[in-house]
Ligand code: ADP
Ligand code: MG
Ligand code: MG
C-alpha cells in the first residue's frame, strides 16, 4: 500500500487514512491557502507498526522520497549545518483527541545547524530558543522524561536573572538552557540527545505511533467511544516560526463563537511565540481583534481565509495559525466543537446564509443536544462562586446541602431537605444515597465510573472526577482550591451539563426550549426559533410516529403538547398505588367466590375514571393500556416488617394482619421478575383482567357518549406463547362486544420466546409493542435492579459493551430478536402495528434502530418526546 501522501494529494474526505489534521491540511493546501508544505504518513502505517512492533516495509523509502521532494521545494536540507530545513512531527487521528497524542517541533536542530539557523535568520536568540524547545518536547514526548524537569530549569533561569517573562531571556540564556536540557536527557536516558536530524525524525514518528496505546489515550477513547484500532496518522510539516521577534506570533481562532454560534472574530494571539505557548498560558494572550493593530495586513488576510473556510466547510471551523515576520501561515483547521445551543443556532444561520439546506441542518444537531437544552439551568447571570470543575457526567442543575455518606443523605432527604451526595467515588452501597440526593458529586472517576453510570441511568444530576477536591468522608468535609472548606450542611450547586461546582445556592431557571414546547414561552428568542424550525422539518421528514408512556391525564396532556401522537404505554398498576393499596390488599386476601368479586367491583369504577381522564387528554389519538403487569406481592407490606409487627402484637395481632402475613408468605417468590406476573396473573386470578377490560370499555363508551373519539388499545404483558394470549383475548373481545366498544387487542413482546414465536403470536395480536426493558433483562439474563450498580462500570471498562444495554438497544442480541419478531409477525399479519415502549424508545441510537427495522412508532417518557421526534427525523434523512 501507499503509506505517504503529500499535502497536494489528500483531501478532507480521507480522514480514515490521513487523520483529521492531515486531511484538512491537504484540503487547505488544495484551496490555495498558505499552508507550509509537508506530507502525511497514514494511519494504516501506524496500525502495521503497532501490530508488528516495527516500521512497515517500504515506509522508510517512501518517507525519504517525500522528504527529498520537500527539501527540493524548500531549497534547504533537513538539519543542514549552513541553512537547515526544520520540520514538525505531528500526530493526528481520525477523531480529535485533545492533548492525547503529541507533537514535536523544530526537528533538525543540533549543535551545528543551530548556528546556521541563527545566521540565516539573523537572530541568535530565536535559534537557541528553538533548539531548547526541540530538546524539551523531544525529551518529554519521545524520551518520556518528566516535563516538569525542563520547566523547572526555565523557571530557574528566569529567577537567577531576576526576570518574570521568557521574553526577557536572551540568546546566551537559551544557549545555557540547551546545555542544561542536554544534561537532563543524559541523566534520565543514559544517552546523549540524538543530534542526527533523520534519527530525530524517525524516533519522533515512532513515538507518535506508540502514543496511540498510551494509557491516557486508551482511557480517553473509551470515554468518548472511539474505536481502539484506528491508529493515528503522522504529519511532517516544514516549520514556520512565530518566535522570530515581535512581528511574529501564533494564535488560534474560531469562525464564530462556539459558545453561542454568534458570528464575529473569536480567538487569541500571542506575539513572539511558538506552537503550544498560546494554550499553555506562559504569557497572557491578547484577543484576536488586537492583531489588527499589530499587523493589519495579516489580520485582514486571516479574516478573509476564515470566511473562505466557513463557506467551504459550510460550518464553524477552528483554526491554528502562525505569523512569521509578517507572513501568515495556516497550520490547522477543523470543523469545531460547539455547545448544544450553538449547534442549533449555527445550523439555522447556515440555512439562512444559503450554505446548507434544512435536511443538512437537521442532521447537524442531535437528540442529546436537544435534551441538554431542555434541562433547567443555573442562572449564569447570578453572582457565582465557582469552586471546582469536574466531568459533566449526567446533566441537570442540582442544589442542596453537602452530605458525605449515603445514610446521612437518606436521613436528611427523609426530613425533606435537598442534599448533594459528595463522595470520593461511589460504590453499590451508595445507591440509597444517590436516590435520596438531588445530585451526586465525586472527586474520582470518569464518565464510566460507578457514579456516572448509575446517575445517568436514574436521570440524576452528576459531576464526577472533580479532582481539585480533597474529599474526607470521615471528617464530613472537603477542601478545594484556594483552601475552600465545605462542611456537611453547606449548600452546593452542581451543574451536570458543564461539570461546574458552585458554593451556595445558584438560582435555577426553566429552559426556554421547554417553555416553547409547553407553549408558554415567548417566541422570538433566536435559540427557540432555531429549535422550532429544525423540529418542524424533522417532523416533516420522519416516518416513525412518536408516542409517550403516561399513566395519568397530566402527563398525557404534557406529552401531547410536546408532540406525542398517542400513548404507547399506560401502566395500569400505577393506578393501584396510594390509598388504593387497601383495595388491592382486599383483592389479594379475598377468597374465591363472592369476596373476590366484591373486591374487583370496588376497583372497577376507580380504573374507569382513570381511563376516562386519559382518553380525554389523548382524544382522537391511540391510547395503549397495558393490563396489570407486576407480581401482586409488590402491593403488600414488607415481609420482615409485617412479621415483626405480628410477633410483637402477639395474641393481640389483628386478624387482618395475620391474614396479610399469610398472603405475603404465600406470594413470596425467589425471582419475582420471572414469577407470577403479567398474563400469568390474568390467567391465575379470573376476573382481574376482565375487570380492567370492562373499565376500559365503559370509559370508552362514556367518552363516546360525551362526544369524544376514544381510541383505546388493550395490551397484554409478558406473553411467551400464543395460547396464553388466546384465552385472554377471547374474553376481552366478548366484554368489548357486550359494551359495543371497539378496541384493538395486542401484546407486548418482552420475553425471548415471544420474539422467537412471533409468527404464531401474531395470529392473536393486532399489534406488538416491544418491551425492551424486560426483553433486555431476559435476553442477557441481567436482573435490571441489581446488575447496573453491581458490575456495569466494570463491564464498560472491560469493553464488554460500550454503553449499558438498558440505555441503548443491544443491536446484535436484543435487536436481533426484535428483527425476527418484526419479520415473522408481518409474515403472519401484514398490517400488524409495531412499536416499542421500553426506556429505549427515547434513546437516540435506539430510535435509529427502530427506524431501520421498520417499526411504526416509538414510545418514551413525555420529556423525551421531542428528542425522539428529532432523532426519528434524522434517521429518515
Ligand atoms: P495539537 O493536535 O495538540 O494541536 P499540533 O500538531 O497542532 O498539536 O501542534 C501543536 C502546536 O504546534 C500547534 O499550535 C501548531 O500550530 C504548532 N505547529 C505545528 N506544526 C508547526 C509548524 N510546522 N510550524 C509552526 N508551528 C507548528
Ligand atoms: Mg493543533
Ligand atoms: Mg415488561
*On the given criteria, is residue 121 in contact with a helix residue (DSSP H, G or I) (Cβ under 8 Å, 6 or more places away or on another chain), under 19 Å from residue 238 (Cβ atoms) and surrounded by 22 or more Cβ atoms within 10 Å (Cβ to Cβ)?*
no
*Look at the stretch 367-400 and say how many of its residues are surrounded by fewer than 19 Cβ atoms within 10 Å (Cβ to Cβ) and touching a strand residue (DSSP E or B) at 6+ places or on another chain (Cβ under 6 Å).*
6
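Every residue, every condition in (1) within 16 Å of ligand 3 (Cβ to nearest atom); (2) farther than 27 Å from residue 843 by Cα, yes or no:
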| position | (1), (2) |
| --- | --- |
| 718 | yes, no |
| 729 | no, yes |
| 750 | yes, no |
| 772 | yes, no |
| 777 | yes, no |
| 786 | no, no |
*What helices (runs of 4 or more DSSP H) lie completely within the stretch 1-90 and have 2 or more residues being within 23 Å of residue 335 (Cα to Cα)?*
15-30
_Can you list the strands (runs of 3 or more DSSP E) lying wholly within the stretch 698-801 that have 1 or more residues being more than 36 Å from the chain's Cα centre (by Cα)?_
711-716, 744-749
*Hand me the list of helices (runs of 4 or more DSSP H) wholly inside the stretch 617-697 holding 3 or more residues that are under 45 Å from the mean Cα position of the chain (by Cα) and surrounded by 14 or more Cβ atoms within 10 Å (Cβ to Cβ).*
679-684
_If I filter the stretch 253-267 for residues that are more than 16 Å from ligand 3 (Cβ to nearest atom) and assigned to a helix (DSSP H, G or I), do I get at least one hit?_
no
*Among the listed residues 237, 279, 208, which satisfies the condition of being farther than 25 Å from residue 166 by Cα, within 16 Å of ligand 2 (Cβ to nearest atom) and part of a helix (DSSP H, G or I)?*
208
*Applying the selection to the stretch 282-304, what residues are surrounded by fewer than 18 Cβ atoms within 10 Å (Cβ to Cβ), touching a residue at least 24 places away in the same chain (Cβ under 8 Å) and not in a helix (DSSP H, G or I)?*
282, 283
_Only one of 108, 73 that is surrounded by fewer than 20 Cβ atoms within 10 Å (Cβ to Cβ), over 34 Å from the mean Cα position of the chain (by Cα) and either outside the structural domain of residue 220 (by TED's automatic domain parsing) or closer than 24 Å to residue 7 by Cα (or both)_ = 73
*In the stretch 374-426, what residues are within 30 Å of residue 535 (Cα to Cα) and part of a loop (DSSP other than H, G, I, E, B)?*
375, 376, 379, 380, 381, 395, 396
_What's the total number of residues in the stretch 321-359 that are within 16 Å of ligand 2 (Cβ to nearest atom) and part of a helix (DSSP H, G or I)?_
0
*Based on what the data block shows, is residue 365 touching a helix residue (DSSP H, G or I) at 6+ places or on another chain (Cβ under 7 Å), in contact (Cβ under 8 Å) with a residue 12 or more places away in the chain, assigned to a strand (DSSP E or B) and away from ligand 2 (no atom under 16 Å from the Cβ)?*
no
*Is it the case that some residue within the stretch 786-793 is touching a residue at least 12 places away in the same chain (Cβ under 8 Å) and touching a strand residue (DSSP E or B) at 6+ places or on another chain (Cβ under 9 Å)?*
no
*Taking the condition in contact with a strand residue (DSSP E or B) (Cβ under 6 Å, 6 or more places away or on another chain) and closer than 30 Å to residue 294 by Cα, does residue 318 pass?*
yes
_Given (1) within 29 Å of the chain's Cα centre (by Cα); (2) surrounded by 19 or more Cβ atoms within 10 Å (Cβ to Cβ); (3) in a helix (DSSP H, G or I), index of the condition residue 587 fails_ = (1)
*Out of curiosity, is residue 328 in contact (Cβ under 8 Å) with a residue 24 or more places away in the chain, touching a helix residue (DSSP H, G or I) at 6+ places or on another chain (Cβ under 8 Å) and either within 16 Å of ligand 3 (Cβ to nearest atom) or under 27 Å from residue 30 (Cβ atoms) (or both)?*
yes
*Within the stretch 156-175, is there a residue that is in contact (Cβ under 8 Å) with a residue 40 or more places away in the chain, away from ligand 1 (no atom under 13 Å from the Cβ), assigned to a loop (DSSP other than H, G, I, E, B) and over 24 Å from residue 279 (Cβ atoms)?*
yes
*Just give me the residues in the stretch 247-269 being modelled with pLDDT of 95 or more and surrounded by fewer than 22 Cβ atoms within 10 Å (Cβ to Cβ), in sequence order.*
247
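The values are calculated or read from the model by the stated rules, or taken from the named source; none is laboratory data. If you're wondering where the values come from, they're calculated on a predicted model, not measured in any experiment. Because the Cβ atoms are built from the backbone with ideal geometry, glycine has one as well, and the counts that use them run over all protein chains shown.
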